[in-house]
Amino acid sequence: MTQTGPVTRLAAGLAALTLVLTGCGGGDDPTIATPPSAAASPSASPRPTAAASVSASPVVPSPAPLAWEACGGSGFECSTLTVPLVDEDPSQGTVDLALTRKRVSSPSRRIGSLVINPGGPGASAVGYLQAAFSQVPAAVRARFDLVAFDPRGVGRTSPVRCGTTAELDDYFAIDPSPDDPAELRELEQGNEDLVAGCRQRSGEILPHVSTADAARDLDKVRAALGDDRLTYLGYSYGTSLGAAYLDRFPTRVRAMVLDGGIDPTLTWDRLLQGQSSGFDRALEAFLAHCERTRCAYRQAVSGDLGAAYDRLAAEVERAPLSGDATRDVGPAELSLGVGAGLYSRADGWPAIADALTAAENGDGSVLLALNDSYLDRTEDGYQNVSEANIAVNCLDRPWPRETAPYLALAERVREDAPRFGPAIALSGMACAEWPVPPVGTPHPVTAPGAPPVLVIGTTGDPATPYAWSVALADQLESGVLLTYRGDGHTVYRDGAPACVRAPVDEYLLTAVAPSPRTC
């Protein structure tokens, strides 16, 4: 299940509930307009308690240009685009997509719009772009309007909500890798309660937040921006959105960069198994780097670092650490906090070293801060990143409806990925309870007729393993693979190695793809 990385807020990521996502912005503005006739529809019941606005008749999207207003500072503008809740049946109402735009810095040289998605699913693209637009290389900002929209169910666009802050605190504190029947039942009950909350609060939008829905909306955004063809930059789960667009609209693409690719053929078990291995390997890479560089954690403990980490995990299992005035740090917070840091070698690895060092001294506050960054929890509560993540993932592919397959997968991955694997394998269990049937099926995406599509894979990516980028590029008839030998989740941004940044910049500017390469 896919989410994004919180440490630097620069990249998007794929993750299970135990893993990491970009939490950027969000809001609770009701943005579904539903005619009364839809209230009796099975897909619209039960009605959400986070009330959606109701109109007497469905609003037809206007062909007029988008109306933009200043927002968010730094020269950003915001707008909304009204789209049908169900393309095939406009009588079911509409959704207002939240958009933001940063105008081109060299208007006389403008090429068009670059639509950016940071991943998730669940990360607010609007919040991400407003916070991190300067990470787009200057050469690209000079020639494109930078645009982002929150997909339905996310951030400012009819956000999926499943619980109060206290309820979500309790849910995220459950041991994600139960060791006995009582702990397993606690996890099962937690998922049941969470899913019941999703249905109660957001039942109206739940059937309509799939990646396929988002891809259709993306094409409507392209048209509303006045671009004949789409120029797109997607990170991690954003590559799934890009692939879904290619699957449906291959000839409407000008240029597309997919950084941290996800294999569209992944079944639920291959998805979770790949991440299990990816995060365990990334932790091993961090520990080896810590050993070589004498990082803070190396100086805080004696003996083998892997053994020290395992010892700390066992101690936290027995007796949670103090986190803040109201919350402790147990197995869930340790796993999530460390997993968050593995997304970024530059910023995340030092944060892990500091967090583990503090934990060795009985202080769990740094781990809790990483955990909260991952979950996008502030003193005001949670953004809806994780709730939207569950909702989208449960729709995008079939999931087992019983607990046994998840337990069997946990045992299989334990051999290769003992530290993260069992928790990741069990993270999909919420989908066993999901009230809406899946609408997606894993399948190859070939995109016949599409122009060259640039796929970037990082060999040490924990959340979207390199093999997934290879598979995506191979499936696409016009796929071109750029391999980066390094660690961390995704790579293309301002400050990236020139061997990555320069060819990607040139491709976006000219729509001429580089040859496949490794650097």
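Any read-out appearing in this document is the output of simple, stated calculations on the displayed coordinates, not a laboratory observation. This one's a predicted model, so the numbers in the text were calculated from it and none came from an experiment. Here Cβ is always computed from backbone atoms with ideal geometry, including for glycine, and neighbour counts include all displayed protein chains.
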**Low-density loop positions, trypsin sites (Lys or Arg not before Pro), region 391-472 - DSSP coil, at most 15 other Cβ in 10 Å** = 401
**Message:** Just to confirm a number: summing +1 for Lys and Arg and -1 for Asp and Glu over residues other than residue 419 whose beta-carbon lies under 13 angstrom from that of residue 419, what do you get?
**Reply:** -3
**residue 119 long-range amide H proximity, modeled H, under 5 Å** = 235, 238
**Message:** Based on alpha-carbon atoms only, what is the radius of gyration of region 295-375 relative to the globular estimate 2.2 N^0.38 Å?
**Reply:** 0.98
**Request:** Would you mind working out the magnitude of the charge dipole of region 295-375 relative to its Cα centre, with +1 at each Lys and Arg C-beta and -1 at each Asp and Glu C-beta, to the nearest 20 Debye?
**Result:** 160
**Message:** Ignoring solvent entirely, what values of log10 I(q)/I(0) come out of the Debye formula for region 342-447 at 0.20, 0.22 Å⁻¹ when each Cα is a single scatterer?
**Reply:** -1.17, -1.19
**Message:** What does the charge count around residue 106 come to, taking other residues whose C-beta lies under 15 Å from its C-beta (Lys +1, Arg +1, Asp -1, Glu -1)?
**Reply:** +4
**Item:** ³J(HN,Hα) computed for each position of region 118-130 - Karplus, 6.51 cos²θ - 1.76 cosθ + 1.60, integer Hz, glycine/proline x
**Value:** x, x, x, x, x, 6, 6, 5, 5, x, 4, 5, 5
**Complete:** Rounded to whole angstrom, the alpha-carbon centroid of region 183-249 lies from that of region 399-449 at a distance of 17
**Prompt:** Which of 241, 498, 320 sits closest to the plus end of the dipole of the chain, meaning its Cα is farthest towards the positive end, when Lys and Arg get +1 and Asp and Glu get -1 on the C-beta?
**Reply:** 498
**Message:** Net charge within 12 Å of residue 519 by Cβ-Cβ distance, Lys/Arg positive one each and Asp/Glu negative one each, not counting residue 519 itself?
**Reply:** +3
**region 239-342 - charge dipole about Cα centre, Lys and Arg +1 at Cβ, Asp and Glu -1, debye rounded to 20** = 440
**Magnitude of the charge dipole, the chain, Cβ model with Lys/Arg +1 and Asp/Glu -1, debye to 20** = 2100
**Request:** Rank 84, 70, 171 by how far each Cα sits towards the positive end of the charge dipole of the chain (+1 on Lys, Arg Cβ; -1 on Asp, Glu Cβ) and give me just the farthest.
**Result:** 70
**Request:** Taking the dipole about the Cα centre of region 295-375, with the C-beta of Lys and Arg at +1 and of Asp and Glu at -1, give me whichever of 329, 358, 300 is farthest to the positive side.
**Result:** 300
**Prompt:** So, by mean Cβ neighbours within 10 angstrom, what's the order for 455-464, 139-148 with the highest one leading?
**Reply:** 455-464, 139-148
**Protection proxy ranking of 68-74, 422-428, 245-251 - average other beta-carbon atoms within 10 Å, highest first** = 422-428, 245-251, 68-74
**Complete:** Given 96-103, 149-156, the highest-first ranking by average Cβ count within 10 Å works out to 149-156, 96-103
**Request:** Any chance you could check the Cα centroid distance between region 451-519 and region 72-138 for me, in angstrom?
**Result:** 23
**Prompt:** Karplus couplings for region 408-421 from phi (6.51 cos²θ - 1.76 cosθ + 1.60, θ = phi - 60°), rounded to Hz, Gly and Pro as x?
**Reply:** 5, 5, 4, 5, 5, 7, 4, 5, 8, 9, x, 7, 9, x
**Prompt:** Rg and Dmax of the chain, Cα atoms, in Å?
**Reply:** 21.8, 70
**Asked** Which whole-Hz ³J(HN,Hα) couplings does region 494-501 yield from phi under the Karplus relation 6.51 cos²θ - 1.76 cosθ + 1.60, θ = phi - 60°, glycine and proline marked x?
**Response** 4, x, 5, x, 4, 5, 9, 4
